[in-house]
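Novice: Got a structure for you, questions after.
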Amino acid sequence: MDAISESPIESPNTLIPVGIILTQIKNGKALDYDRITIIGDLDLSGLELPLDEDGHYIIHVPIKIKHSNIQGTTKILNVNFMDSVDFSGTAFINADFQGCIFSRFAGFTDAIFTGYASFSNVKFVDDVSFTNSQFHECTLIRFDEAKFLKDAFFWGMHDENIVFGGNSYFCHAKFHGIAEFSEAIFLGEADFSLCRFYGERIQFLNAQFSKKVSFRGSSVKGKAYFKNDGFKSIANFSEVSLEIIDFTASHFEDRLYLTGATFSSFKIQWDIIKDQLICDDSVLLALITNFRNSGQFDDSDDCYYRYKKGIQKQRGIGSKKIFDLLSFVSCGYGVRPFRTFYVSAFLISFFALLFWFGSGIGGLQSISDALYYSALAFTANSKSINWIGIYRYIGLLEGFLGWLFMALFLVTLGRTWLR
């Protein structure tokens, strides 16, 4: 038995009874296997292993089982791996590592998981890599309450992807280093709610979310990159707290929730989120300031326009609502200058019809004359007009409105164009 277990086994499809593995662990001997098939359940619960001060079973030796198949269930609970662990390329059926501590580097690169993969309440003291791992369809993936004290790599490399085939739960996880999920494909729901990201950055570059993804209530101390991501279902970022978040070139096919979110810099184009965004007024105000500070003045204006429309809908009947309606019609809350131009053209036409049908100006020959005189009155050049009766006062009113709308047009135009 010792002769078999002390040397690496590299030939493909070599069958190893699980008892050999368990005996080697019990005797404190390092595991170094490659391209083997383990027959039976890899269950450490029956082994008599030393305990640390927190009640975790201690394994002092390195564990290396690479490019292999574990045909039974893997059940390794509350174990403190004091040395490195490497399961790169190994296939698991129902893997349970709940409560474990990986004190050195943990490698699961190219690993394959089916059934369920549970890393709940696991502590990764050193770096951990799940690069290019494949969690098969309908696999339950749990990293809830996990603690990553250094860098965590859940990314795809070399033109490959890491695939989360089932629902993925990272809720309440804590990432103290870089959290890397670039090139990840989430086929099931992804739950990162109430996570804490303390590292310099989190990255979801070119990630794809096929179903609902939630970061509700999470906080990010560093930068959050979601560049060129695809959100095909609901994306919930409500109540997130972060400094810089970058959604450049990302697209949202369903609702984007930002209610209660706080941020200093939000990189995105308004056209991408305007029809999907669900948030409160404080978020809209923050986005308005964010767009303006980034030089995205059109985006800032469009966001402000939506904010003012929302305020108008919330107000009851009263003077403020009336002024809001007038502002909406006349100048689009100060960000639609040509609306003032169109309203002015309407007023000139309205008064021209009034003068024509009421015969309010002497010498009118045609409707075009009425339009000409109405335009003169609107621009306060009515001295040459032969008013008849009460129409002189109507002309005076049109002149007042003309001055008002010309001033409004210039102010709005200057605010939106000359900056």
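Just so you know, all these numbers are worked out from the coordinates, no wet-lab data involved. Please read these numbers as outputs of a predicted model, since none were measured by experiment. As a convention, Cβ positions derive from the backbone with ideal geometry for all residues, glycine included, and neighbour counts pool all protein chains shown.
Novice: Would you please put 239-246, 106-113, 26-33, 383-390 in order of how densely packed they are, using the mean number of other Cβ atoms within 10 angstrom per residue and starting with the highest?
Specialist: 106-113, 239-246, 26-33, 383-390
Novice: From the backbone phi of segment 207-219, what are the Karplus-calculated ³J(HN,Hα) couplings (6.51 cos²θ - 1.76 cosθ + 1.60, θ = phi - 60°) in whole Hz, Gly and Pro given as x?
Specialist: Going residue by residue, I get 7, 10, 10, 7, 10, 4, 10, 10, 10, 4, x, 7, 10 Hz, with x marking Gly and Pro.
Novice: Related question: Using +1 on the beta carbon of Lys and Arg, -1 on that of Asp and Glu, and nothing else charged, what's the dipole of the chain about the Cα centre, debye to 20?
Specialist: The calculation lands at about 2660 debye.
Novice: I'd like the distance separating the alpha-carbon centroids of segment 217-265 and segment 125-176, in whole Å.
Specialist: For segment 217-265 versus segment 125-176, the Cα centre distance is 19 Å.
Novice: Using only the C-alpha atoms of the chain, find the volume of their convex hull and express it per residue in Å³.
Specialist: In the chain, the Cα hull volume divided by residue count equals 166 Å³.
Novice: Something else: Over the chain, what is the mean sequence separation of C-alpha contacts under 8 Å (at least six apart), divided by residue count, expressed as relative contact order in percent?
Specialist: 6 percent
Novice: Moving to a separate point now. Can you work out the Karplus-derived ³J(HN,Hα) for every residue in segment 62-70? Use 6.51 cos²θ - 1.76 cosθ + 1.60 with θ = phi - 60°, whole Hz, and x for glycine or proline.
Specialist: x, 10, 9, 10, 10, 6, 10, 10, 10
Novice: Report the local net charge at Q71: Lys and Arg +1, Asp and Glu -1, summed over other residues whose C-beta lies under 15 Å from its C-beta. If you can, show how the numbers build up before the last one.
Specialist: On the way: positive: R35, K75; negative: D41, D43.
Around Q71, the charge tally is 0.
Novice: Run the helix sum for the chain: -39,500 (n - 2.57) per DSSP H stretch of 4+ residues, divided by residue count, reported at 222 nm to the nearest 500 deg cm²/dmol.
Specialist: Calculated from helices alone, the mean residue ellipticity at 222 nm is -9000 deg cm²/dmol.
Novice: Still on this model: With the dipole of segment 258-358 worked out from charges on the C-beta (+1 for Lys and Arg, -1 for Asp and Glu) around the Cα centre, which of I322, S344, I311 lies farthest toward the positive end?
Specialist: I322
Novice: Compute the helix-to-body angle for 319-331: its Cα long axis versus the longest principal axis of the chain, expressed 0 to 90° and rounded to tens.
Specialist: In the chain, helix 319-331 runs at an angle near 90 degrees to the longest axis.
Novice: For K221, go through the lysines and keep the ones whose alpha-carbon is under 19 Å away, minus same-chain ones fewer than eight residues off.
Specialist: Cα-Cα hits under 19 Å: K147, K150, K174, K267.
Novice: Follow-up question, since we're still on this one. Reachable lysines from K29, Cα under 25 Å, same-chain residues fewer than 8 places away excluded?
Specialist: Partners within reach: K64, K66, K75, K123.
Novice: State, as an integer percentage, the relative contact order of segment 85-207 based on alpha-carbon contacts under 8 Å between residues 6 or more apart.
Specialist: Relative CO of segment 85-207 lands at 19 percent.
Novice: Please list the three semi-axes, largest first and in whole Å, of the ellipsoid equivalent to segment 209-275, using sqrt of 5 times the eigenvalues of its alpha carbon gyration tensor.
Specialist: Over the Cα atoms of segment 209-275, the ellipsoid semi-axes are 17, 14, 11 Å.
Novice: Test of the criteria: in segment 120-180, which trypsin sites (Lys or Arg not before Pro) are in a DSSP loop and have at most 16 other Cβ atoms within 10 angstrom of their Cβ? Could you put the intermediate results ahead of the total?
Specialist: On the way: sites: K123, R142, K147, K150, K174; in loops: K150.
Counting only loop positions with at most 16 other Cβ atoms within 10 Å, the trypsin sites (Lys or Arg not before Pro) in segment 120-180 are K150.
Novice: Which of the aspartates and glutamates could a cross-linker span from K227 if the Cα-Cα distance has to be under 12 Å and same-chain partners fewer than 8 positions apart are dropped?
Specialist: E183, D246
Novice: With +1 on the Cβ of every Lys and Arg and -1 on the Cβ of every Asp and Glu, and nothing else charged, how large is the dipole of segment 108-213 about its Cα centre, in debye rounded to the nearest 20?
Specialist: 440 debye
Novice: What are the residues whose amide H is under 5 Å from the amide H of K75, where those residues sit 5 or more places off or on another chain and H is modelled from the backbone?
Specialist: The answer is L42, D43, L44, D96.
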